[in-house]
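Here is the structure we will look at.
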Amino acid sequence: MKDAFGAVQSVLVLGGTSEIALATVRKLSQRRAHTVVLAGRDTARLSSAAADLQRAGASRVDVVGFDATDFASHQQLVDELWSRQHEFDLVLLAFGVLGEQERDEQDAASALEVIDVNFRAAVSVGIPIAQKLKAQGHGSMVVLSSVAGERARRANFVYGASKAGLDAFFQGLADSLVGTGVQVVVVRPGFVHTRMTAGRPAAPFATTADKVADDIVRGVARGSTTVWSPGILRPVMSAVRHLPRPIFRKMRA
Ligand SMILES: NC(=O)c1ccc[n+]([C@@H]2O[C@H](COP(=O)([O-])OP(=O)(O)OC[C@H]3O[C@@H](n4cnc5c(N)ncnc54)[C@H](OP(=O)(O)O)[C@@H]3O)[C@@H](O)[C@H]2O)c1
């Protein structure tokens, strides 16, 4: 339960080594988030992230195993997390893969890996989490979508399609939960300098994990349903959405 000042006290992160997620939780820990659970695949990196969050102010950080593509395990994992913790104020869905467009558009198995992690896994774990939040009667689910899902580009359409599916699903879920006390926030960052984009040329309006974290924390506090990061991308993408196809097709960034 949030404390008397409305501060988030307990946080669950799926994709617990994500740089954007960890920057967000670090800010929440500085603002009295006491209990954090980091769920992911890489135990060594999760443990090191947990130690870092404790230095930032979290009083307890647990690490649990989570594989996004092990769909059959999701319901049980969510049940176990809630029976251990009882409730979470904020759940961050931060797992995702960028894929390799050139390979993915020619190899169905590779394309499906991107769709499975970014879209199907989010649905698979998002539904049981939504049910738990609804039962506790409060809480926020923050989902990392992308501007890439706003209109799928020639240069990045496999990833874009996966994020378009995720984005549409969680917008609908947000609407279905109005009146239950549960808030779903769909976050649409542009290019963010993290491990995911390392070595790639930065796109216009490129930002950092720390700035996206500020936008997420502000969006949750304001009760936003959609967070663009940086905010300028909202009008920019509105224009991009309406560009004629022959022009849009040539956009590389
Ligand atoms: N960076 C950007 O430019 C950008 C822009 C828009 C949206 N986003 C989205 O923001 C989210 C976080 O990205 P980030 O920039 O923070 O990148 P990141 O640091 O590379 O984080 C990606 C996370 O996804 C996890 N993951 C990938 N496949 C998984 C699987 N099968 N099972 C469990 N976890 C898995 C990774 O875990 P491991 O440590 O085990 O690999 C890692 O924790 C992603 O959804 C991404 O699509 C990023």
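So here's what we get for this one:
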| item | result |
| --- | --- |
| The one condition in (1) of a type in the set (Ser, Thr, Tyr); (2) surrounded by 13 or more Cβ atoms within 10 Å (Cβ to Cβ); (3) more than 20 Å from the chain's Cα centre (by Cα) that Ser238 fails to fulfil | (2) |
| One residue from Val186, Val143 being open to solvent by less than 20 Å² (accessible area, probe 1.4 Å) and either farther than 17 Å from Gly16 by Cα or more than 11 Å from the ligand (Cβ to nearest atom) (or both) | Val186 |
| Residue that is touching a strand residue (DSSP E or B) at 6+ places or on another chain (Cβ under 8 Å) and closer than 21 Å to Arg249 by Cβ, where the choices are Gly190, Gly139 | Gly190 |
| Failed condition for Gln85, given (1) near the ligand (Cβ under 8 Å from one of its atoms); (2) surrounded by fewer than 21 Cβ atoms within 10 Å (Cβ to Cβ); (3) closer than 22 Å to Gly139 by Cα | (1) |
| Conditions (1) within 14 Å of the ligand (Cβ to nearest atom); (2) on the phi > 0 side of the Ramachandran plot; number of the one not met by Asp67 | (2) |
| Single condition Asp210 does not satisfy, out of (1) crowded, with 21+ Cβ neighbours inside 10 Å; (2) more than 11 Å from the ligand (Cβ to nearest atom) | (1) |
| One residue from Ala39, Ala108 being within 20 Å of Leu166 (Cα to Cα) and without any contact (Cβ under 8 Å) to a residue 24 or more places away in the chain | Ala108 |
| Residues satisfying the stated conditions in the stretch 31-46, i.e. of a type in the set (S, T, N, Q) and either away from the ligand (no atom under 12 Å from the Cβ) or open to solvent by less than 10 Å² (accessible area, probe 1.4 Å) (or both) | Thr35 |
| Selection count where residues are hydrophobic (A, V, I, L, M, F, W, C), assigned to a helix (DSSP H, G or I) and open to solvent by less than 20 Å² (accessible area, probe 1.4 Å), scope the stretch 92-110 | 0 |
| Members of the stretch 63-81 found to be open to solvent by 20 Å² or more (accessible area, probe 1.4 Å) and of a type outside the set (Ser, Thr, Tyr), listed by number | Val63, Gly65, Asp67, Asp70, Phe71, Ala72, Gln75, Gln76, Leu77, Asp79, Glu80 |
| Matching residues in the stretch 47-60 - criterion: being open to solvent by 70 Å² or more (accessible area, probe 1.4 Å) and within 16 Å of the ligand (Cβ to nearest atom) | Ser48 |
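The rows are residues; the columns are (1) at pLDDT 95 or above; (2) polar (S, T, N, Q).
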| site | (1), (2) |
| --- | --- |
| Thr207 | yes, yes |
| Val220 | yes, no |
| Thr225 | yes, yes |
| Ile247 | no, no |
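The values are calculated or read from the model by the stated rules, or taken from the named source; none is laboratory data. Please read all numbers here as calculations on a predicted model, not as lab measurements. No Cβ is skipped: glycine too gets one built from the backbone with ideal geometry, and neighbour counts run over all protein chains shown. Please note that ligands, DNA and RNA were not included when accessible areas were found on the heavy atoms of the full protein model with its side chains. Shrake-Rupley method; radii C 1.70, N 1.55, O 1.52, S 1.80 Å.
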